Amino acid sequence: MLSESPTLAMSARAKELKAQGKAVLDFSAGEPDFRPPAAVTAAVTEYLQTRPVHYAPVPGMPALRDAAAAEFARYHGRAITRGEILVSCGAKHSLANLFMVTLSPGDEVVIPAPYWVSYADMVRLGDGVPVIVPTRREDGWRLQPDALAAALTERTRFIILGNPTNPTGAGYPAGLLRQLGEVMARVAPRCWLLVDDIYRRLVYGGFEHVSAFATLADVTDQIVIADGVSKSYSMTGYRIGFLLAPANVVAAASRLQGHVTSGAATPSQIAALAALTDPSCEAAVRDMHAAFTRRREFVLAGLQALPGLDVVAPDGAFYLFCDVSRHLGPGTQFADDIAFATWLLEQKLVGTVPGTAFGAPGHLRLSYAAADESLRDGLQRLGEALAGLPPPRDA
Ligand code: PMP
Ligand code: GLU
């Protein structure tokens, strides 16, 4: 049976408490708090005022597919045609389509943990078998070549890498990516690499995001990319995502999409087209990035100062993944991270997501895609909450 998305469930509960009038500070779901760039809103408004809203072509409006192809060609340094791009209802939909059309029963998909909550359920939906490979805090939560080699089998169809990753923010530098590509080519030469690039523009502290295509020149026909406008353009509710894949995979995913959702919503495609093509959007993206950079530093320092919490500085995305295990277990108030997160939300009105949801018990994920004042108040409330607990266990 599929499980409920835990990130969305925590944020739904936080919203419910807010609707009851409670002053919740919610750091659960990862969704930027900004308005989208002004040109996006202007384009969609003009469209709605002047046109009937009809179905869009199933694989996406030609102009949007071309704009995405041009953006990806520029970024990945290779020619990309319209036929290699599928527009879907968010990158989540792109990924689900991909697994549904490529996996056969029993195909294995390597998923490094901590992982984004939906990967494993999507793989199961496609009759595949998620193979969870733990990563270590000492390795910056990055999948290592020896762990990958041990996980690959004849049945491995995909390796999923989030670059950077949700929930840890870990990014893959070119050298490590190359080593992983070499392992893949050597041990499982028929396997594909799926890179989830949804946070690629949200990287900080000198981390340089590299294109998997440009870095792994020997296996380019085995690379699939998921990308979208939700995070970098603050357009989560528009629901537009892109799959960049060989044309036959895009065609198969498009056939599936044609029976399940039809094309993504027409106004949303107009909005995404403006995001990718209106030159003024770049400045808006840079401003949001600057705000995330500031917030990351502020919240990281704040959390590091709290007793019994341990955080690795993330390369990207907008999450901090905190080890809270010293507040869990014998002699503490909580049995596990779920109990801790539930108490924080229900009693202290601070929304987080327990690490168990990401395959890493003993942790909490906090999203800093929230207003500066909320982050400040949230840190204070968290500090007060911790001060009322028994002292953290020895490390
Ligand atoms: N991948 C990751 C790692 C994410 O965190 C998200 C956010 N929900 C997505 C994909 C999907 O984003 P969306 O469907 O909004 O494009
Ligand atoms: N990706 C975001 C998160 O991890 C949004 C929620 C979701 O789609 O899971 O919080």
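The values are calculated or read from the model by the stated rules, or taken from the named source; none is laboratory data. This structure is a prediction, so every number in the text was calculated from the model and none was measured. Heads up, the Cβs are rebuilt from the backbone with ideal geometry, glycines too, and the neighbour counts pull from every protein chain shown. Note: accessible area is taken over every heavy atom of the protein model, side chains too, but ligands, DNA and RNA are not part of it. Shrake-Rupley method; radii C 1.70, N 1.55, O 1.52, S 1.80 Å.
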Do the conditions hold for residue 64, that is, is it part of a helix (DSSP H, G or I), under 27 Å from residue 31 (Cβ atoms), open to solvent by less than 50 Å² (accessible area, probe 1.4 Å) and away from ligand 2 (no atom under 16 Å from the Cβ)? yes
Does residue 22 count as within 16 Å of ligand 2 (Cβ to nearest atom), farther than 14 Å from residue 238 by Cβ and over 19 Å from the mean Cα position of the chain (by Cα)? no
Out of the residues in the range 379-395 that are loosely packed, with under 11 Cβ neighbours inside 10 Å and of a type in the set (Gly, Ala, Ser), which is nearest to residue 308 (Cα to Cα)? 395
Among the residues of the range 208-230, write down those that are outside any helix (DSSP H, G or I) and open to solvent by 30 Å² or more (accessible area, probe 1.4 Å). 208
Out of all the residues in the range 281-304, which are under 15 Å from residue 374 (Cβ atoms) and open to solvent by 50 Å² or more (accessible area, probe 1.4 Å)? 294, 298
All positions within the range 80-97 that are polar (S, T, N, Q) and crowded, with 24+ Cβ neighbours inside 10 Å: 88, 94, 97
Matching option when the condition is out of contact with any Leu (no Cβ under 9 Å at 6 or more places or on another chain), within 16 Å of ligand 2 (Cβ to nearest atom) and part of a helix (DSSP H, G or I), among 9, 14, 39, 73: 9
Number of positions in the range 324-354 that are away from ligand 2 (no atom under 13 Å from the Cβ) and either of a type in the set (Val, Ile, Thr) or assigned to a helix (DSSP H, G or I) (or both): 16
Could we say that residue 28 is surrounded by 13 or more Cβ atoms within 10 Å (Cβ to Cβ), among the polar types (S, T, N, Q) and farther than 30 Å from residue 283 by Cα here? no
Starting from the range 196-223, take each residue that is on the phi < 0 side of the Ramachandran plot and list its partners that are acidic (Asp, Glu) and away from ligand 2 (no atom under 16 Å from the Cβ), counting only C-beta distances under 9 angstrom and pairs at least six apart or across chains. 203/315; 204/297; 204/315; 207/315; 209/315; 216/182; 218/182
Within the range 234-251, which residues are among the polar types (S, T, N, Q) and either within 16 Å of ligand 1 (Cβ to nearest atom) or within 26 Å of residue 44 (Cα to Cα) (or both)? 234, 236
Unmet requirement for residue 100, which otherwise passes all of (1) in contact with a helix residue (DSSP H, G or I) (Cβ under 8 Å, 6 or more places away or on another chain); (2) away from ligand 1 (no atom under 16 Å from the Cβ); (3) part of a helix (DSSP H, G or I): (2)
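Between 237, 175, 169, 181, which is within 16 Å of ligand 2 (Cβ to nearest atom) and either within 19 Å of residue 143 (Cβ to Cβ) or crowded, with 23+ Cβ neighbours inside 10 Å (or both)?
Values: 237 fails: either within 19 Å of residue 143 (Cβ to Cβ) or crowded, with 23+ Cβ neighbours inside 10 Å (or both); 175 fails: within 16 Å of ligand 2 (Cβ to nearest atom); 181 fails: within 16 Å of ligand 2 (Cβ to nearest atom).
Of the residues listed, the single one that is within 16 Å of ligand 2 (Cβ to nearest atom) and either within 19 Å of residue 143 (Cβ to Cβ) or crowded, with 23+ Cβ neighbours inside 10 Å (or both) is 169.
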Residues of the range 252-280 satisfying the condition of being more than 16 Å from ligand 1 (Cβ to nearest atom), part of a helix (DSSP H, G or I), farther than 13 Å from residue 60 by Cβ and open to solvent by 20 Å² or more (accessible area, probe 1.4 Å): 252, 255, 256, 259, 267, 277
If we keep just the residues of the range 113-162 that are polar (S, T, N, Q) and open to solvent by less than 30 Å² (accessible area, probe 1.4 Å), which is farthest from residue 178 (Cα to Cα)? 118
Within the range 349-357, is even one residue open to solvent by 10 Å² or more (accessible area, probe 1.4 Å) and at positive phi? yes
Exclusive hit being open to solvent by 20 Å² or more (accessible area, probe 1.4 Å) and either in contact with a strand residue (DSSP E or B) (Cβ under 7 Å, 6 or more places away or on another chain) or within 16 Å of residue 234 (Cα to Cα) (or both), set 50, 41: 41
Would a scan of the range 305-323 turn up a residue that is part of a helix (DSSP H, G or I) and surrounded by fewer than 24 Cβ atoms within 10 Å (Cβ to Cβ)? no
